[in-house]
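The values are calculated or read from the model by the stated rules, or taken from the named source; none is laboratory data. Everything quoted here is computed from the prediction, not taken from an experiment. Note that we place each Cβ from the backbone using ideal geometry, even for glycine, and neighbour counts take in every protein chain shown. These accessible areas exclude ligands, DNA and RNA; they are computed on the full protein's heavy atoms, side chains included. Shrake-Rupley method; radii C 1.70, N 1.55, O 1.52, S 1.80 Å.
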Amino acid sequence: MLNESSSAAAVLVIMPCYFSNRHTPNHYSPPPPKKNQIPMKPKTSSCSLLFVLAFFAVCCLASPCLAASHKPANGTPARVYSTRETSGFETLAKETIAALDGGKRTEMVAKRTDLETAWDAKENVLKPKDVSSWTLLDKSLDRAISALRGSNVKLPAGKAALEDFLQKLASSTKQ
């Protein structure tokens with residue numbers, strides 16, 4: 001992933017190359033052409049072309065990274081997913097909550113695992129649509145899964161995190 005420090009590093013690596021053959025007291029200039037000789041064009045530095053291309057690449061690559069890191073100020077996901085894409089997650093989350101409320105630990109574990117597996121399977125479809133919305137949903141679901149996993153299960157925290165996930169999922173679903 002490209003970030004500000006890596007783009008700055010790319011410019012710093014290329015800039016000395018760009019300026020290495022210019023603005024120096026011993027700058028080489030070709031001798032004047034001899035009589036009846038066609039004058040040759042001075043060679044352009046390949047470093048200057050490299051600098052321009054690298055600068056263009058850094059600018060182009062940095063823009064999507066900066067846009068993808070933008071998150072809504074209020075932590076609400078954008079409405080980017082269809083009902084068809086989110087209905088399975090909603091059903092599994094509600095079934096997990098119902099198993100929690102009914103004291104059915106084995107069923108709760110199975111539903112939680114199904115929800116986690118389904119979410120992970122759809123990451124490559126959902127995440128590209130809106131990275132910040134997907135990240136909010138993913139973190140919310142991760143809190144629920146970690147609270148409901150292992151020997152030290154935290155049922156109230158897990159239920160609250162699942163309810164938060166459902167609320168965010170509803171906010172991210174188009175009407």
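Taking every residue in the range 91-105 that is closer than 8 Å to LEU162 by Cβ and part of a helix (DSSP H, G or I) and pairing it with any residue that is of a type in the set (Ser, Thr, Tyr) and open to solvent by less than 70 Å² (accessible area, probe 1.4 Å), at least 6 positions away or on another chain, yields no pair with a Cβ-Cβ distance below 6 Å. With respect to being open to solvent by 30 Å² or more (accessible area, probe 1.4 Å) and either not aliphatic (A, V, I, L, M) or not in a loop (DSSP other than H, G, I, E, B) (or both), ALA78 falls outside the description.
Scoring ALA161 on the criteria (1) within 12 Å of the chain's Cα centre (by Cα); (2) within 15 Å of MET108 (Cβ to Cβ) leaves a single failure, condition (1).
Considering only residues in the range 139-153 that are surrounded by fewer than 16 Cβ atoms within 10 Å (Cβ to Cβ) and among the charged types (D, E, K, R), the one that is modelled with the lowest pLDDT turns out to be ARG149. Quickly run through the range 92-131 and pick out the residues that are among the hydroxyl-bearing types (Ser, Thr, Tyr) and surrounded by fewer than 17 Cβ atoms within 10 Å (Cβ to Cβ). Listed by number, the residues that qualify are THR106, THR113, THR117.
Against the list (1) more than 25 Å from the chain's Cα centre (by Cα); (2) modelled with pLDDT under 90, the condition LYS174 fails is (1).
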